[in-house]
Amino acid sequence: VLDKDLRIRIILPPDLQLKKAKLHCGWELKHLLRGYEAIVKQRLQQSADLSGFILELKTVLEVGLKSRPECCSIPPPQYYAQIISEMETLGWDKMVHIDMEFQTLKLKAEDSSGRQHMLTVRLKAKHPAEAPECSADLPVPLSVTWTPQSTLEQLYSQFLLVLEYLTEFWDVLDEIDEKTWILEPENPSRSDTMRRIAIGNNLSIKVEVDPRHPKMLPECCLLGAEHAVTPLRNKLNANMHLWNPDSSVLHNLRDVLEIEFPSPATHEKSGFSVECGICYSYRLESAIPDQVCNDPRCGQPFHQACLYEWLRALPTCRQSFSVIFGECPYCSKVTRLHLNTYSQYISAPDCCTQQSLS
């Protein structure tokens, strides 16, 4: 059928009635007939003889092949032999998964700090003449060099070099994750470069670590009410020259901000996971309460979306450019919400301090 050899075995009953025949297909033919079973059964019931049924079956298969062009590009046996040979050289112990078509492989690897990583390799039909598509949970794009003479072992070696290059970056974040309370992201992946670290009640710092220079001063954004943020912002500006690239990022943050971060060993996370004062939940989809009333006697946190809807509904609400003015739902003090910055806090147009050192 369309230059493809397909095998089928037809078993007739003792009375030789075609409509009671049983069909046994090879795996390739069975794959082609998927979704056409009812039509084949109908043709079997209505065909006058075996020759007529074969012609009907051929017509069905031609339609199936034309509608499924991928079925025409099944790799030759040499392709599978090549993959098996390359995996034997690489080592089957490194394989986590391979699909039935031998086109998607998942390989595991370990960096020098013992962290487990996964490399997904999607091979092309003309492997190794065509470069495969590779993906992994990394904070930088995965770029590999491939030639028609390349092998999976060489590809895997390049991946190990990338892991080694990023080991220091992951060491930095692992220390932060282990010794502080992380508010965001909830379940960080190996590609995440941001951490929002709890400092106190409704007070935190968001740091963005550069994967290429993980020990340098990261971008920092202090988040909280202005009366709590101002002293820390002043310390950050005054002490940033003390940053020591030979020391850990967490140790530097402690020295520059002159604080001790609450840790899992000394504090419960529930003390920092304060519910929104409007919707009474902590997480609203992926957002957490990141707006704080600036009055020191209140300090109630809110989701930005919740506070926006609340202020907009007030008869006394007014807006000037991207700033909405209204009353705090708890203390009724005048407060404002900046709409142009996602993490901007109430009554604190300059509370975010972002410092970077290239």
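The values are calculated or read from the model by the stated rules, or taken from the named source; none is laboratory data. Keep in mind that this is a model prediction, so the values were computed, not measured. When we count neighbours, we look across all protein chains shown, and the Cβ atoms used for this are built from the backbone with ideal geometry, even at glycine. Protein only, heavy atoms only, side chains kept; ligands, DNA and RNA dropped before computing areas. Shrake-Rupley method; radii C 1.70, N 1.55, O 1.52, S 1.80 Å.
Some notes on this structure:
- Helix 304-313 axis, angle to the chain major axis (alpha carbon atoms, nearest 10°): 70
- Take the Cα of Arg9, step 7 Å toward its Cβ, do the same at Met216, and the gap between the two points is 6.8 nm.
- Extension gain (nm, one decimal) between Ser113 and Thr147, 0.36 nm per residue minus Cα-Cα: 9.2 nm
- Note, ³J(HN,Hα) from phi for the range 132-149, Karplus 6.51, -1.76, 1.60, rounded to Hz, x at Gly and Pro: x, 9, 10, 8, 7, 7, 10, x, 10, x, 8, 10, 10, 9, 9, 10, x, 9
- With a simple spin-label model that places each label point 7 Å from the Cα along the Cα-to-Cβ direction, the separation between Asp246 and Lys22 comes to 8.0 nm.
- With a Förster radius of 56 Å applied to the C-beta separation of Gln319 and Lys124, the computed FRET efficiency comes to 0.55.
- Theoretical FRET efficiency, 1/(1+(r/R0)^6), r = Cβ-Cβ of His31 and Leu55, R0 30 Å, to 0.05: 0.90
- Carbon + sulfur, % of accessible area of the chain - ligands and nucleic acids excluded, 1.4 Å: 51
- Highest to lowest packing among 24-36, 6-18, scored as the average C-beta count within 10 Å: 24-36, 6-18
- Cα-Cα pairs of the range 186-254 separated by more than 17 Å (percent): 46
- For the range 46-162, the Rg and Dmax computed from alpha carbons only, in angstrom: 19.9, 71
- Vicinal HN-Hα couplings computed from phi for the range 43-49 (Karplus, 6.51 cos²θ - 1.76 cosθ + 1.60; Hz; Gly/Pro x): 5, 5, 5, 9, 6, 6, 8
- From the C-alpha gyration tensor of the chain, square roots of 5λ in Å: 61, 31, 16
- Both numbers refer to the Cα atoms of the range 148-236; Rg and Dmax are 17.4, 63 Å.
- Projected label points at Asn234 and Ala48, each 7 Å from Cα along the beta carbon direction, are separated by 10.2 nanometres.
- The range 201-305: GluC sites (Glu not before Pro) falling in loop per DSSP and having at most 13 other Cβ within 10 Å: Glu258, Glu260, Glu268, Glu285
- Highest mean packing first, where packing is the average number of other Cβ atoms within 10 Å per residue, the peptides 303-315, 140-152 line up as 303-315, 140-152.
- Per-residue surface analysis assigns Lys41 an accessible area of about 130 Å², computed on protein heavy atoms at 1.4 Å probe radius.
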